[in-house]
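*Asks:* Dropping a structure here in structure tokens format, bear with me for questions.
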Amino acid sequence: MTLHHIVLILHLLAAAVWVGGHLLLAICYLPTALKKKDPQIILNFEKKYETLGMSSLVLLIITGICMAYDFGATFETWFSFKSGIEKVVSFKLILLFLTFICAICAQFFVLPNLNETNIRKMAVIIISVTTIAVTMLILGSTIRYGGI
């Protein structure tokens, strides 16, 4: 087993936690929270998932950068959009940046004041981050075929 293969396995495990956690939140917890107008359902999930989810995101970033370099998509070629791999890496970095924007909005503007009247703002962020995560997963799957 090569180092690249080990890094790929770690990346896939972290993606399973990150994407799976957001899908669970969006599909199972969010509808109930919206129906009951109970933000505590979301806050309880966030409290339990945050450490594992954020650790997975950090691992995704580290392993993603390692694999990008293994495929020849170095810092100098990010956002050049020349090869299929460079396109995937560049789009995933843009989506990562959007994820950070969502996280900042949630942490500083929505979660501190989350209540039954503004729970829909959190729903928009949850759906956005989940959609971004699934999109990143799909983009990553194209690497096997040379990217997009």
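*Asks:* Using a 1.4 angstrom probe on heavy atoms only, work out the carbon and sulfur share of the accessible area of the chain in %. Show your work: numbers first, answer last.
*Replies:* Working: 6260 of 8880 Å².
Here carbon and sulfur together make up 71 percent of the probe-accessible area.
*Asks:* Same structure, new question: For N115 and L52, calculate 0.36 nm times their separation in residues minus their Cα-Cα distance, and state this gained length in nm to one decimal.
*Replies:* Working: separation 63, 0.36 × 63 = 22.68 nm, distance 2.47 nm.
Result for the pair: 20.2 nm of gain on full extension.
*Asks:* Can you give the charge dipole size of the chain about its Cα centre, rounded to the nearest 20 debye, using +1 on the beta carbon of Lys and Arg and -1 on the beta carbon of Asp and Glu? Walk me through the intermediate numbers first.
*Replies:* Numbers: 11 positive and 7 negative charges, 83 e Å.
With Lys and Arg at +1 and Asp and Glu at -1, about 400 debye.
*Asks:* Separate question: In nm, to one decimal, how far is the modelled label at M1 from the one at L98, with both set 7 Å along Cα→Cβ?
*Replies:* Computed distance between label sites M1 and L98 equals 3.4 nm.
*Asks:* Please work out the FRET efficiency for the pair C66 and L43, using the Cβ-Cβ distance as r and a Förster radius of 30 Å; give the result to the nearest 0.05. Can you show the working numbers first?
*Replies:* Working: r = 34 Å, r/R0 = 1.14.
Efficiency for this residue pair is about 0.30.
*Asks:* Given a 1.4 Å probe and the protein chains all in place, what does the accessible area of E46 round to, in Å² to the nearest 10?
*Replies:* Approximately 40 Å² of E46 is accessible to the 1.4 Å probe.
*Asks:* As a check on your grasp of the helix formula, calculate [θ] at 222 nm for the chain: sum -39500 (n - 2.57) over DSSP H runs of n ≥ 4, divide by the residue count, round to the nearest 500.
*Replies:* Numbers: 5 runs with 106 residues, N = 148.
Result for the chain, helices only: -25000 deg cm²/dmol.
*Asks:* For the chain, with a Gaussian network of springs between Cα atoms less than 10 Å apart, report the residue from L52, L60, L23 with the top mean-square fluctuation.
*Replies:* Answer for the Gaussian network model of the chain: L52.
*Asks:* Could you compute the FRET efficiency for K35 and I9, with r as their C-beta to C-beta distance and R0 at 30 Å, rounded to 0.05? It would help to have the intermediate numbers written out before the result.
*Replies:* Details: r = 38 Å, r/R0 = 1.28.
Efficiency, from the Cβ-Cβ distance: 0.20.
*Asks:* At a probe size of 1.4 Å, how large is the accessible area of M54, to the nearest 10 Å²?
*Replies:* 90 Å²
*Asks:* How many angstrom lie between the Cα centre of the stretch 121-148 and the Cα centre of the stretch 1-56?
*Replies:* If you average the Cα positions of each part, the centres end up 13 Å apart.
The values are calculated or read from the model by the stated rules, or taken from the named source; none is laboratory data. Just so it is clear, the structure is predicted and the values come from calculations on it, not from any experiment. Every residue, glycine among them, receives a Cβ derived from its backbone with ideal geometry; neighbour counts consider all protein chains shown. Just the protein is used for accessible areas: all its heavy atoms, side chains included, with ligands, DNA and RNA removed. Shrake-Rupley method; radii C 1.70, N 1.55, O 1.52, S 1.80 Å.
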